[in-house]
């Protein structure tokens, strides 16, 4: 087409037809501009299509990560419930006052499906229960969360391509809440309390791993305000972990549903 215009333009110049020459010269320029615009539009379409495909791949990856998170929340939820109820029961058996939860605070009860203790709590000293309960006073309930997809999505800039604002906000809120609920600062504070609890027991020459060999482990707690204080702090920490795990489990389930709806569109 451009060759055709050039031939006509040359003929017009030869015949001194300046007006026609200008007309065809403008036509040639218009064709070039139109061609460039079409090429740019095609490039934009291709880029948008690639961006949408990338977002869909990352959203599918997020579902996989969130599914793994759910498994962590369920498992750690059992741990938190046992840590809370077993430590409360230690106080009760030792003749001390358990920690009273405030209105609206709740920890799911132990059931026969709990992976740590699937029986009723004992009414008296039970060596197996004592060993397990004391062991879990020095273990933190911290889920291992998969962040690979959201980190990769953010680094690649694909998160900005997500046009669904409610979903985008929900993803942001999920990971922000996760960071706050299971922060390194909170973990460090729990580790500090656990260490103080262990040091307190060590004053009596006892390690939590030795509890099964002690005739009456409850004597380590009874009338000992220092150890009761440490244990009560650990119980409150177990409540917060249990609440956080339940909340994040619900958030993960809701987020999965939102992503699935987005992928169907």
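No lab work stands behind these numbers, since they all come straight from the coordinates. Quick caveat, the model's predicted, so the values are computed rather than measured. Note that we place each Cβ from the backbone using ideal geometry, even for glycine, and neighbour counts take in every protein chain shown.
Which order results if 163, 212, 146 are arranged by neighbouring Cβ count within 10 Å, fewest first?
163, 212, 146
Can you sort 207, 91, 245 so the residue with the fewest Cβ neighbours within 10 Å comes first?
Placing the least packed residue first, the sequence is 207, 91, 245.
Expressed as a whole number of Å, what is the distance separating the alpha-carbon centroids of the stretch 188-265 and the stretch 61-98?
8
Return the Rg/Rh ratio of the stretch 70-264 with Cα-based radii and a Kirkwood Rh.
1.07
Considering just Cα atoms, how many Å³ per residue does the convex hull of the stretch 200-265 enclose?
Value for the stretch 200-265: 116 Å³ per residue.
Subtracting the Cα-Cα distance from 0.36 nm times the residue separation, let me have the gained length for residue 258 to residue 53 in nm, one decimal.
This chain segment gains 72.0 nm when fully extended.
List the pair-distance distribution P(r) of the stretch 71-120, using every Cα-Cα distance, as the percent of pairs falling in each 5 Å bin from 0 up to the bin containing the longest distance, rounded to whole percents.
5, 20, 26, 23, 18, 7, 1, 0
What is the order of 192, 51, fewest Cβ neighbours within 10 Å to most?
192, 51
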